[in-house]
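Chemist: Below is one structure. I have some questions about it.
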Amino acid sequence: MRIDLHRNFIRLFIISLIWLLLEGIFRKWLFFSLAGPLFYVKYLLFGLTYTFFIWSKNPIMKIKYTFHYFILLFVSLCFIALLINKNNNPIMVGIIGLVVHLIFFPLVHLNQFLFKDLNIFYKFSKILTYLAFPLCILGMIQFYLPTDHPINGFVNEEQLITRVAGFTRISSVFSFVKIFNAYLLFSITFLIGVILNKLLKAKSVIIESLALMLLITNMFMTGSRLPVGLMLFNFLIIGAYVFLSFSNLRKTVVVIFISGLISLVGLYFTTDLFNDPVDATIARFEKAESRHRTESTGYTDIQLRFEDRLDIFKFGQQSGLFGYGIGMAYQGAQGFIKHPIPFYFEEEGERIVLELGILGGGIVILMRLAIFFFALQVLRWCKTVEIKLLVLPLLLYILPGILTIQNITYSYMENFIYYFAIGLIIALYKIQQRELEVKH
């Protein structure tokens, strides 16, 4: 009996995606006592997926574009960082750090072998659309329940479930609020492109529009300021780009904008399901501003917090050229760290520099810039409006990573989606190449 390695690679890929979605159900509700070991299941599944990919003799990524060289440089630096152990901690800290930094990198290359044509992209969009209904309905229920209700639990008992304006910040089936934020931001941004494409083909978008409204409502129910801001920014940029670039879609954009605005305003004044989360999020913004005006720390202020995220070399003097060693700033490695970094840190950029040094921080920024400019070139080069409308939302999703304002490295869902989105852009690039080859 011959084993179909390529089919098993695809099956494992799909199983890995399903587990990533459902992991929180098992960790925080069904098998809470096994939450720690279950956390590593996704890494095992993706590792097996990559193994079957290699065994099935699929081509390995060739070093062709500028961002490929930076990826190779960064991966090499991560392995070298295993040898750097400034605080003399167990090797397990470095191994965990290596996994956290690199486990989802292969998606940049692998996605093109699963997403081979636009039909698969639309099947994927249908999955996102229909998943929105159970995930968001659960989120709405959580929003109105007290924080000590069983379905409002987190995996980590030490992390308190927060409330905003009297309501619970939701996480749906996911382990934490921030994990849900990453899923929501990706789903909302990607579905905008899908809806525009369906309108271009004069197809119904009722289900997608309902799903989008639910996802937006849940985003406000998380009470997270940055994701809400990025969501609104993505809406604005996509609308402006389509309006300015495609004359045949200008009326569509105007109609969508006006009808969407009317719908949101109507929902705000007619239903508490939308009114409450919007008011709660606004209240959280106002609370942060008022605390900044009365406190000396300033870290509750949005502007200063944003500036702190941009200053990735804040601890450059302490970290030096090569840093404290990979894994040292990852929260999941704290149980193995015997001699921690002797000061407080929080933001993505400063944590990368603390682990990999000034050299590593510079390489990460240059790598993300190179990836973004490649994606931008793909957007400009693509000939069909349909593919452009799918590339643009993915391009916008990976943009904040350049500024390190999202926790891409140290939040597994943001880490996964970041490299998954890049892989989707490359898959669309390959699809466009094949379409042009057929025409010629």
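The values are calculated or read from the model by the stated rules, or taken from the named source; none is laboratory data. Quantities reported herein were computed from a predicted structural model and do not represent experimental measurements. All Cβ positions, even for glycine, are placed from backbone atoms using ideal geometry, and neighbour counts span all protein chains on display. In case anyone asks, the SASA skips ligands and DNA or RNA and just uses the protein heavy atoms, side chains included. Shrake-Rupley method; radii C 1.70, N 1.55, O 1.52, S 1.80 Å.
Chemist: Quick one: with all protein chains in place, what share of the accessible area of region 1-130 is carbon or sulfur, to the nearest percent (1.4 Å probe)?
Modeler: 72 percent
Chemist: Filter the DSSP H helices in the chain by two things, a Kyte-Doolittle mean of at least 0.0 and an axial alpha-carbon span of 27 angstrom or more, and list the hits by number.
Modeler: Helices meeting the span and hydropathy rule in the chain are 5-25, 118-144, 177-200, 225-245, 250-270, 348-381, 412-439.
Chemist: Given the -39500 (n - 2.57) contribution per DSSP H run of 4+ residues, what per-residue ellipticity at 222 nm results for the chain, rounded to the nearest 500 deg cm²/dmol? Can you show the working numbers first?
Modeler: Numbers: 17 runs with 299 residues, N = 440.
Counting only the DSSP helices, I get -23000 deg cm²/dmol.
Chemist: Give the peptides 348-355, 410-417, 233-240 in descending order of average Cβ contacts within 10 Å, highest first.
Modeler: The peptides rank, most packed first, as 348-355, 410-417, 233-240.
Chemist: With a 1.4 Å probe and all protein chains left in place, how much accessible area per residue does the chain have, in Å²?
Modeler: Roughly 47 Å² per residue, with all protein chains present.
Chemist: Then there is this: Accessible area of region 168-296 with a 1.4 Å probe: how many percent of it is carbon plus sulfur?
Modeler: 69 percent
Chemist: Give the ranking of ASP308, ASP148, ASP272 by solvent-accessible surface, highest area first, calculated with a 1.4 Å probe. Please list the in-between numbers first.
Modeler: Numbers: ASP308 25, ASP148 125, ASP272 100 Å².
Descending order: ASP148, ASP272, ASP308.
Chemist: Could you work out the pair-distance distribution P(r) of the chain from its alpha-carbon pairs, with 20 angstrom bin width and percents rounded to whole numbers?
Modeler: Result, from short to long distances: 23, 59, 18, 0 percent.
Chemist: Still on this structure: Just how large is the dipole of region 79-205 about the Cα centre, in debye to the nearest 20, putting +1 at every Lys and Arg Cβ and -1 at every Asp and Glu Cβ?
Modeler: 580 debye
Chemist: Which of the trypsin sites (Lys or Arg not before Pro) found in region 30-109 are in a DSSP loop and have at most 14 neighbouring Cβ atoms, other than their own, within 10 Å?
Modeler: Listed in order of number, the matching sites are LYS57, LYS62, LYS64.
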